[in-house]
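Q: Dumping the structure here so I can ask a few things about it.
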Amino acid sequence: MLQAVDLEQIRRVTRDWRRQALTTALVPTMGNLHEGHLALVRKAREHADRVVASIYVNPTQFGEGEDYGSYPRTPDTDRVALEASGCDLLFAPGHDTVYPPGIKNSIRLLASPDLAAPLEGECRPGHFDGVLTVVARLFNLVGPDVAVFGEKDFQQLLLIRRMVEDLSFDIRIVSVPTVREHNGLAMSSRNRFLRTEEKAAAVRLSTVLSDVVEQVRNDPSHWEQAEQDAVSRLESWGFRVDYVAVRRSDNLAAPSKEGAPMRVLAAVRCGKTRLIDNMKII
Ligand code: PAF
């Protein structure tokens, strides 16, 4: 597996691939890779001749008091896992490559408020501005034909699709369903912060979301009741609930149109760890 850490190194490889008429897929990550990330790498392989995975813990998407400093960094095991999953190039840029004028003086994107303001946006103001800023920068550094993202961060996925359309990036976005542990817990780098008893409790989030899916499928008009029931159950088990929301899958608006695709999205705190998850309803 090749490795690159700066603009010159990545461009040298990607120009060479382009000269050979090889297509490239990018899998952006913040490292601490688990099976969910490796599923993205495998999906990327299906869509392009060469696969680049980036590892960069992006400071601009973390708010004050969030876990930027303690975000798990495991470069050695990540490298081994990527190599084994068939990644061709690991791009691990430093801040100077991603934000050349310095983080403070770099140009930033402002995420579309209709998609960015609700749900995660309410709990993490500015988060999606940072996500889109770094993803746009990675797109420009790597120049992929395809980029692969997980459905676990569903609001992020919608915003990246919107950015690609809005800014006319010539990049196809491919998404991959959430990978779960055998007990239903959505895989996440933050799961490693859960203590043993918290991990057992965290499984309940996916159970509750499955129940919301069933309730709304059976009786779509009572989606608000299903949200409230879910919040009450989660709170009774000691979770602090940021939101449980049934929304349209295309624009995150409240369900209105009969038959429009819907998802349930949730964020809760389990001890010190914030968990997010979502499931397709129809
Ligand atoms: O989903 C993530 O891991 C991050 O938000 C991303 C897309 C790599 C941007 O830093």
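The values are calculated or read from the model by the stated rules, or taken from the named source; none is laboratory data. All of these numbers come straight from a predicted model, not from anything done at the bench. Cβ: placed from backbone, ideal geometry, glycine included. Neighbour counts: every protein chain shown. Just so you know, the surface numbers come from the protein's heavy atoms only, side chains and all, with ligands and any DNA or RNA stripped out. Shrake-Rupley method; radii C 1.70, N 1.55, O 1.52, S 1.80 Å.
Q: In segment 123-151, what residues are within 21 Å of residue 87 (Cα to Cα) and of a type in the set (Lys, Arg)?
A: Selection gives 137 alone.
Q: Moving on to the next point. Given the condition closer than 21 Å to residue 52 by Cβ, in contact with a helix residue (DSSP H, G or I) (Cβ under 6 Å, 6 or more places away or on another chain) and within 12 Å of the ligand (Cβ to nearest atom), answer yes or no: does some residue in segment 87-95 qualify?
A: yes
Rundown of residues vs (1) within 16 Å of the ligand (Cβ to nearest atom); (2) under 17 Å from residue 146 (Cβ atoms); (3) within 13 Å of the chain's Cα centre (by Cα); (4) at pLDDT 95 or above, yes/no style:
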{"site": "6", "(1), (2), (3), (4)": "no, no, no, yes"}
{"site": "12", "(1), (2), (3), (4)": "no, no, no, yes"}
{"site": "33", "(1), (2), (3), (4)": "yes, no, yes, yes"}
{"site": "36", "(1), (2), (3), (4)": "yes, no, yes, yes"}
{"site": "41", "(1), (2), (3), (4)": "yes, yes, no, yes"}
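Q: Applying the selection to segment 226-254, what residues are surrounded by 14 or more Cβ atoms within 10 Å (Cβ to Cβ) and in a helix (DSSP H, G or I)?
A: If the condition is that a residue be surrounded by 14 or more Cβ atoms within 10 Å (Cβ to Cβ) and in a helix (DSSP H, G or I), then 226, 227, 229, 230, 231, 233, 234 are the ones that fit.
Q: Restrict the check to segment 167-178 and report whether at least one residue is closer than 22 Å to residue 66 by Cα, among the hydrophobic types (A, V, I, L, M, F, W, C) and either without any contact (Cβ under 8 Å) to a residue 24 or more places away in the chain or outside any loop (DSSP other than H, G, I, E, B) (or both).
A: The answer is no, given that none of the residues of segment 167-178 is closer than 22 Å to residue 66 by Cα, among the hydrophobic types (A, V, I, L, M, F, W, C) and either without any contact (Cβ under 8 Å) to a residue 24 or more places away in the chain or outside any loop (DSSP other than H, G, I, E, B) (or both).
Q: Go through (1) open to solvent by less than 10 Å² (accessible area, probe 1.4 Å); (2) in a loop (DSSP other than H, G, I, E, B); (3) not hydroxyl-bearing (Ser, Thr, Tyr) one by one and return the number of the condition residue 147 breaks.
A: Condition not satisfied by residue 147: (2).
Q: Quick one: residue 51 ticks every box in (1) crowded, with 24+ Cβ neighbours inside 10 Å; (2) within 13 Å of the ligand (Cβ to nearest atom) except a single one, so which number is it?
A: For residue 51, the failing item is (2).
Q: Sticking with this structure for a sec: Within segment 180-197, is even one residue open to solvent by less than 30 Å² (accessible area, probe 1.4 Å), more than 26 Å from residue 253 (Cβ to Cβ) and assigned to a helix (DSSP H, G or I)?
A: yes
Q: Where residues in segment 116-134 are more than 14 Å from the ligand (Cβ to nearest atom), touching a residue at least 12 places away in the same chain (Cβ under 8 Å) and more than 15 Å from the chain's Cα centre (by Cα), which of them is least open to solvent (accessible area, probe 1.4 Å)?
A: 118
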